[in-house]
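What follows is a set of notes on a single structure, which appears directly below.
The values are calculated or read from the model by the stated rules, or taken from the named source; none is laboratory data. All figures in this text were calculated on a predicted structure; none of them were measured in a lab. Please note: Cβ atoms are built from the backbone with ideal geometry, for glycine as well, and neighbour counts cover all protein chains shown. These area figures cover heavy atoms from the full protein model, side chains too; ligands, DNA and RNA do not enter into them. Shrake-Rupley method; radii C 1.70, N 1.55, O 1.52, S 1.80 Å.
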Amino acid sequence: MNRFRPLILAAAIILSGLLAYGLWTRPAAEPVDSEEFSAARAVKDIEVISKEHHSVAHPEERAAVREYLVQRLEQLGADTVMQYRYDSLTGPKNKHVVYTFDAVNVLAEFAPADIQDPTYLLMVAHYDSRYSQPMPKDTVWSYGAADDGYGVSVILETVSQALKYRQDWKQGIKVLFTDAEEVGMMGMTAIWDNDKEVFDNVGFMINIEARGPWGPALLFETCPGNEKVMDLYAKAAEYPFTYSLTTVVYGFMPNFTDFTIVKDEIPGMNFSTIADINHYHTDLDNFSNISAKSIQHYGAQIEPVTREYLTDEVYADRDFFKAEDDTVNFTIPVLGLFNFSKGQYMVMNIIVFILFLLVFALEGVRGRLKALKVFKASLAILGIGIGVLVLGELIAYLCALISGAKFKLFGVMHGVSFDNVAMIVSVALMALVCVAVYISGRNKAIRKVSGSMRASAASNAAAKYAFNSLYGTLALMFFLSAVLLFALGENLMFFIPLTFAAAALILYRLTSLKLWMLCAIALILLHAFSFLYALAMALTIGAFGAVAMLAFFDIMVLVPMADIYLSSNKK
């Protein structure tokens with residue numbers, strides 16, 4: 001069996017990566033003739049919308065897109081289609097170019113049959129494309145194929161699907177296609193400030209954005225007090241992909257959407273793709289670069305949420321979703337969505353912390369660990385982690401220098417065309433270096449007992465080195481998890497590896513089965529691949545240091561676990 005373990009481990013690593021990056025964990029695009037939500041039908045709308053630039057600097061082209069959307073809404077059978085015009089607006093603010101324009105929002109209403117004064121789901125996307133964007137070598141204009149052709153087309157296809165069961169509606173749908181979102185959400189701000197009665201009977205909102213054409217559609221933001229909103233998402237969404245941490249991170253970023261204007265008063269969800277930054281707000285956001293699979297992933301989440309909301313009369317209460325508590329939630333590919341109240345998450349943390357301290361103490365009592373060595377290992381790993389952070393930012397700086405892009409420390413960086421390759425290669429090289437350094441240290445520990453008369457001395461020395469290394473990293477993750485839990489209420493980047501590794505160690509000591517190590521490795525990788533991808537795409541190469549440091553900590557858990565799994569030592 002031992003000789004097959006390297007192959008099994010390699011297969012587990014590869015399979016985890018394939019699963020995490022969506023080979024079987026995201027839906028395939030449905031064809032035009034499908035009875036379900038079809039990305040292929042949505043693509044037909046995007047083809048029309050993205051033919052020309054249609055920013056606030058292109059009034060005729062923007063008007064053509066608007067007229068097309070009005071016709072589509074009328075073809076779907078909207079009860080009313082209205083246009084709200086706001087004249088002589090100026091924007092963008094604090095930019096080198098200022099445009100003067102008229103903003104025209106399009107509002108369509110689909111009411112349920114035989115229900116007086118119904119509550120509505122408001123579905124929002126903007127139809128203007130990005131205005132001029134200075135790049136390192138040129139100034140470019142977006143075609144708006146993804147941003148926000150994705151949002152507009154997904155709404156049209158979702159409404160088309162919903163109309164098939166309109167006789168079952170208990171609530172209605174309002175569709176709001178906003179103008180001038182790209183110049184500071186001016187269309188949404190104008191209708192909110194001047195025609196707020198539009199929102200009086202709205203109980204729930206879904207906003208759809210796109211920060212790049214590829215990758216999974218992420219539920220990246222919810223309203224304050226999202227407990228019931230997340231209950232709906234957990235109940236209905238297929239192929240869920242969300243992290244409550246992204247809402248926290250998004251609050252610190254200089255990005256805003258139409259949802260920003262209303263989220264404190266209207267409960268809702270905000271969806272977006274997040275890859276990649278070089279296609280966002282540039283001429284690369286065009287029809288040739290769209291991803292049908294990404295569009296289908298929007299539909300897999302939004303269409304069933306829409307169905308659940310429209311057909312359950314519990315949502316007729318316009319204040320149903322208003323709550324005081326937020327949830328802690330995250331997605332692990334294959335395992336799905338984990339959604340906890342703050343109290344539940346705190347209890348889960350306490351349980352894992354106690355179990356980790358218990359197994360740590362037992363290992364010490366049995367002489368397998370020395371606390372001082374573990375403490376020194378933790379400090380060393382923390383120090384190296386900080387070094388990795390600095391090195392990651394240096395790599396980002398060099399990439400910016402080579403590309404002629406503006407370097408932003410921990411900021412969103414445009415213009416590095418090879419950013420994803422640079423990050424992937426750097427993390428892969430770091431993993432190889434970590435393995436090489438670990439093996440060197442392991443061999444050094446073995447050489448120290450090379451004169452021993454006991455045949456098992458070398459094996460025992462290797463095992464002690466593995467466990468000291470593993471517990472050194474886990475002790476650090478324990479500390480960081482506790483600090484972040486009490487500071488932010490969010491600690492999944494450390495808590496999830498700690499949980500799976502601690503569980504594997506306990507089960508290993510109870511059963512002597514090394515299979516638990518393999519299982520933990522696979523689960524940690526599923527989380528790490530998915531979460532670090534989302535983090536890297538959201539923060540871009542400007543924050544590569546932070547991503548690299550988190551990857552380093554995960555690697556320093558995985559390497560000794562892999563060593564324990566591969567070794568012939570039974571202790």
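Placing a pseudo-label 7 Å from each Cα along the Cα-to-Cβ vector at Val437 and Glu52 gives an inter-label distance of 5.7 nm. Computed about the Cα centre, the dipole magnitude for the chain is approximately 5020 debye when only Lys and Arg (+1) and Asp and Glu (-1) carry charge, each at its Cβ. Could you work out the percent of alpha carbon pairs in region 71-200 separated by over 19 Å, rounded to a whole number? Value for region 71-200 (Cα pairs over 19 Å): 55 percent.
Determine the share of the chain's accessible area contributed by carbon and sulfur atoms, expressed in whole percent, with a 1.4 angstrom probe.
62
Any of Lys170/Lys228; Lys174/Lys228; Lys51/Lys228; Lys44/Lys137; Lys444/Lys514 with alpha carbons more than 30 Å apart? Name them for me. In this structure, Lys51/Lys228; Lys44/Lys137 exceed 30 Å between Cα atoms. Under the combined filter of DSSP loop state and at most 13 neighbouring Cβ atoms within 10 Å, region 15-101 retains these chymotrypsin sites (Phe, Trp or Tyr not before Pro): Trp24. Candidate cross-link partners of Lys376 among the lysines, defined by an alpha-carbon separation under 16 Å and a same-chain spacing of 8 or more, comprise Lys464. Between the labelled values (1) 26.2, 91; (2) 29.9, 101; (3) 34.5, 121, the entry that holds Rg and Dmax of the Cα atoms in Å as derived from this structure is (1). Here the contact order of region 216-374, divided by its residue count and restricted to Cα pairs under 8 Å and six or more residues apart, works out to 35 percent.
Around the Cα centre of region 202-310, unit charges on the Cβ atoms of Lys, Arg, Asp and Glu (plus for the first two, minus for the last two) sum to a dipole of about 200 debye. Would you please state which residues of region 120-149 a label at Glu60 would reach in this model, taking the label point 7 Å out along Cα→Cβ and a backbone N cut-off of under 18 Å? Zone members listed by number: 129. Rounded to the nearest 20, the size of the Cβ-charge dipole of region 46-133 about its Cα centre is 540 debye, with Lys and Arg at +1 and Asp and Glu at -1. Cα gyration tensor of region 283-409, axes a ≥ b ≥ c as square roots of the eigenvalues: rounded (a/c below 1.5), prolate (a/b > b/c) or oblate? The shape class here is oblate.
Here the relative contact order of the chain, from alpha carbon pairs under 8 Å that lie six or more residues apart, stands at 16 percent. Does region 526-571 come out rounded, prolate or oblate, given a ≥ b ≥ c as the square roots of the eigenvalues of its C-alpha gyration tensor, rounded meaning a/c under 1.5 and, failing that, prolate meaning a/b above b/c? Note, shape of region 526-571 comes out prolate.
For the chain, the residue among Leu507, Ile266, Val32 whose Cα projects farthest onto the positive side of the dipole built from Cβ charges is Leu507. Averaged over its residues, the chain has an accessible area of 42 Å² per residue, based on protein heavy atoms and a 1.4 Å probe. What the phi angles of region 555-562 give under the Karplus curve with 6.51, -1.76 and 1.60, with θ = phi - 60°, is a coupling list of 4, 6, 8, 6, 4, x, 5, 5 Hz, glycine and proline written as x. Filter the cross-link list Lys235/Lys263; Lys164/Lys263; Lys164/Lys322; Lys293/Lys342; Lys164/Lys196 down to pairs whose alpha-carbon distance in this structure exceeds 25 Å. Result: Lys164/Lys263; Lys164/Lys322; Lys293/Lys342; Lys164/Lys196 exceed 25 Å.
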